[in-house]
C-alpha cells in the first residue's frame, strides 16, 4: 500500500496536543499563598498602570483625542482585587 506513517505513541496511546510546558522551579513548588501573592502584585502593578493612563487622559488638552478605555474603573477594580489577594496571601504566609 501507499506510504503510511508509523508514529510511536506515548504509553497512554494518544498523541499529545502540544509539547510539554516547562514551569520555572520556583513556581513548581510554590504554595497557594505565594501564587496568590504573585497574582496580587501583578494586579496592583496593572492598577498603577491604569491610574497613569487615567491621569494622562484627564490632562489631555484636545478632547477629541481621548480614548474610550475606562482607566479609572480598571484601576479601582484591579487595585481592589489585587489588595484582597495580597491580604489573603499574607494570611496564608503567617499561618504557615
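Scanning the stretch 57-96 for residues that are modelled with pLDDT under 90, touching a helix residue (DSSP H, G or I) at 6+ places or on another chain (Cβ under 8 Å) and exposed (fewer than 13 other Cβ atoms within 10 Å of the Cβ) turns up 66, 67, 69. Of everything in the stretch 57-93 that is part of a helix (DSSP H, G or I) and farther than 29 Å from residue 37 by Cβ, the residue that is nearest to the chain's Cα centre (by Cα) is 57. Do you know which residues across the stretch 34-56 are more than 30 Å from residue 95 (Cα to Cα) and either out of contact with any helix residue (DSSP H, G or I) (no Cβ under 7 Å at 6 or more places or on another chain) or in contact (Cβ under 8 Å) with a residue 24 or more places away in the chain (or both)? If the condition is that a residue be more than 30 Å from residue 95 (Cα to Cα) and either out of contact with any helix residue (DSSP H, G or I) (no Cβ under 7 Å at 6 or more places or on another chain) or in contact (Cβ under 8 Å) with a residue 24 or more places away in the chain (or both), then 49, 50, 51, 52, 55, 56 are the ones that fit.
The values are calculated or read from the model by the stated rules, or taken from the named source; none is laboratory data. None of the values given here were measured: they were computed from a predicted structure. Note that we place each Cβ from the backbone using ideal geometry, even for glycine, and neighbour counts take in every protein chain shown.
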